[in-house]
Amino acid sequence: MKDNQQKGMSLIVKTITRLTVGLILLYGIYIVLHGHLTPGGGFAGGVIIALSFIHLMLAYGKETALKKLFQTLTSVLESMGAVMFLTIAVLGFLGGYFFLNFFLNKGRSFELFSAGIIPLCNIAISLKVGAGLFAIFVALVLFRSLGEKK
Amino acid sequence: MIEYILCFLLFCIGLYCILRKRNIIKIIIGLGIIEYAVNLFFLLIGYRMYARAPILAKDQVITNMVDPLPQALVLTSIVIGLAVTALIVAIAIRIYEKYGTFDITKIRRLKG
């Protein structure tokens with residue numbers, strides 16, 4: 001318990017983090033899914049998702065956050081986002097050209113399931129941005145601790 | 001006109017921060033301020049009086065909207081600024097590891 005207290009910030013910060021970090025993650029997912037209806041979208045939502053993990057890392061120290069999301073997993077997710085975006089773009093060739101909307105059902109406007117491939121593109125971008133931003137932060141933190149060890 | 005002058009003032013604050021400060025972290029903050037000043041300038045160019053964001057909403061007719069092109073440019077610019085800032089911070093950490101200081105006047109062992 002004593003050893004656990006040493007890592008990360010004080011008890012107040014940890015309690016507030018435990019209460020808010022899930023809400024921040026959910027808000028990021030909401031921004032991504034409603035990207036085609038309201039302001040926001042893939043990039044903004046991805047940044048908010050990454051910030052929730054960075055928040056966890058700042059409050060609890062890097063071990064707890066890395067337990068939830070491994071470094072290799074972040075790089076896999078980041079690559080998956082890029083590949084998914086490219087796949088959506090290339091699938092348009094089924095109908096003839098790049099980035100073609102391949103859904104036949106257009107849906108009604110201003111509803112969640114509408115706008116064809118744009119929500120899928122938003123999800124791919126958010127995966128790429130969220131995992132990439134978290135990987136940048138992890139790389140900087142690990143870099144510093146490597147330097148201290150020397 | 002006053003908003004463009006204030007925007008230019010923000011740019012000058014960032015420029016002062018880059019040219020005058022000696023700490024690398026403060027220089028990075030100055031770069032960030034310059035970037036935001038330029039972004040603000042782009043947004044101010046596209047602004048129209050009493051206009052709203054060009055986003056369609058349910059049961060609403062937008063007659064007067066701001067120019068969306070600078071906003072798209074600024075979104076890209078923010079992404080690039082994020083990447084550039086991360087790169088500069090990584091270089092600053094490396095410099096601190098090698099020289100043990102953030103003061104740019106004390107980093108002199110480049111020769112040889």
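Number of residues in the range A:112-150 that are at pLDDT below 75 and aliphatic (A, V, I, L, M) equals 3.
Scanning the range B:40-90 for residues that are within 11 Å of chain A (Cβ to nearest Cβ) and in a helix (DSSP H, G or I) returns B:Gln71, B:Leu75, B:Thr76, B:Ile78, B:Val79, B:Leu82, B:Ala83, B:Thr85, B:Ala86, B:Leu87, B:Val89, B:Ala90. So in the range A:85-114, with the set limited to residues that are within 14 Å of chain B (Cβ to nearest Cβ) and out of contact with any Ser or Thr (no Cβ under 8 Å at 6 or more places or on another chain), which one is farthest from A:Ile31 (Cα to Cα)? Ranking the qualifying residues of the range A:85-114, first place goes to A:Ser109.
If we keep just the residues of the range B:2-30 that are touching a residue at least 40 places away in the same chain (Cβ under 8 Å) and not in a helix (DSSP H, G or I), which is farthest from B:Phe102 (Cα to Cα)? Among those that are touching a residue at least 40 places away in the same chain (Cβ under 8 Å) and not in a helix (DSSP H, G or I), it is B:Arg22. Please indicate, with yes or no, whether at least one residue in the range B:65-80 is surrounded by fewer than 13 Cβ atoms within 10 Å (Cβ to Cβ) and at positive phi. No, every residue in the range B:65-80 fails to be surrounded by fewer than 13 Cβ atoms within 10 Å (Cβ to Cβ) and at positive phi. For A:Thr17, indicate whether it is away from chain B (no Cβ under 14 Å), of a type in the set (S, T, N, Q) and touching a His at 6+ places or on another chain (Cβ under 9 Å). Considered against the rule, which asks whether it is away from chain B (no Cβ under 14 Å), of a type in the set (S, T, N, Q) and touching a His at 6+ places or on another chain (Cβ under 9 Å), A:Thr17 comes out as yes. B:Glu97 meets each of the listed conditions (1) more than 11 Å from chain A (Cβ to nearest Cβ); (2) at pLDDT below 85 apart from (1). Applying a threshold of 6 Å to beta carbon distances and a minimum spacing of six or more residues, or different chains, the list of pairs starting in the range A:83-112 at a residue that is farther than 24 Å from A:Val129 by Cβ and ending at one that is among the basic types (Lys, Arg) reads A:Phe110/B:Lys58. Would you be able to say whether some residue in the range A:34-46 is of a type in the set (Val, Ile, Thr) and either in a helix (DSSP H, G or I) or away from chain B (no Cβ under 14 Å) (or both)? Within the range A:34-46, none of the residues are of a type in the set (Val, Ile, Thr) and either in a helix (DSSP H, G or I) or away from chain B (no Cβ under 14 Å) (or both).
Within the range B:31-52, the residues that satisfy the criterion of being without any contact (Cβ under 8 Å) to a residue 24 or more places away in the chain, surrounded by 12 or more Cβ atoms within 10 Å (Cβ to Cβ) and of a type in the set (A, V, I, L, M) are B:Ile33, B:Ile34, B:Ala51.
The values are calculated or read from the model by the stated rules, or taken from the named source; none is laboratory data. Computed from a predicted model, the values in this text were never measured in an experiment. Here Cβ is always computed from backbone atoms with ideal geometry, including for glycine, and neighbour counts include all displayed protein chains.
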